[in-house]
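Working notes, structure below.
We did not get these values from a lab; they are worked out from the coordinates using the rules stated. For clarity, every value in this text was computed on a predicted model and none was experimentally measured.
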Amino acid sequence: MLIVHVHVRVKPEHVDAFVAATEDNARASLQEPGILRFDLIRDAGERDRFVLVEVYRTDDDPAKHKQTAHYAKWRDAVEPMMAEPRRSVKYADVFPREQTAWATSGYTRS
C-alpha cells in the first residue's frame with residue numbers, strides 16, 4: 001500500500017473552482033480499482049492550502065491513475081490555479097495495515 005499526500009496552494013481567486021475540479025477528480029478516482037481512498041482536505045487556518053490524501057493498493061497504482069482521462073482533465077484545469085508548484089510526500093502504512101480498513105474507514109464509494 002502507498003499513501004500520498006499532495007500539498008497544494010491555490011491562488012485565492014481560484015479556491016472555489018479548484019475545489020469543484022478536485023471533487024470531480026476524486027469521485028472519478030474512487031472508481032479506479034487501485035485507489036482505496038481519495039480525500040481532499042483544507043488547512044483550517046489558510047483557506048487556500050489543501051492536501052489530497054491518496055491511498056493506493058500498490059506502488060504501481062499512482063502511475064495508472066496518472067494515465068486516466070479524469071486525471072489529465074484535472075491536471076490541466078488546476079495547473080493555472082496553483083500559487084506554487086504542488087508537492088507530494090509518500091508514506092507507508094503502519095496502522096491500520098489491512099487495505100480493507102483504509103477502504104471502509106469513513107465512507108463508501110459512490
Report, in whole Å, the centroid distance computed from the Cα atoms of the stretch 49-68 and the stretch 1-27. 13
Stretched fully, the stretch from ASP43 through ASP16 gains (0.36 nm per residue minus C-alpha distance, one decimal, in nm) 8.3 nm
For a quick check: with amide H placed at 1.01 Å from N, whose amide H comes under 5 Å from LYS11's, ignoring anything fewer than 5 positions away on the same chain? MET82, ALA83
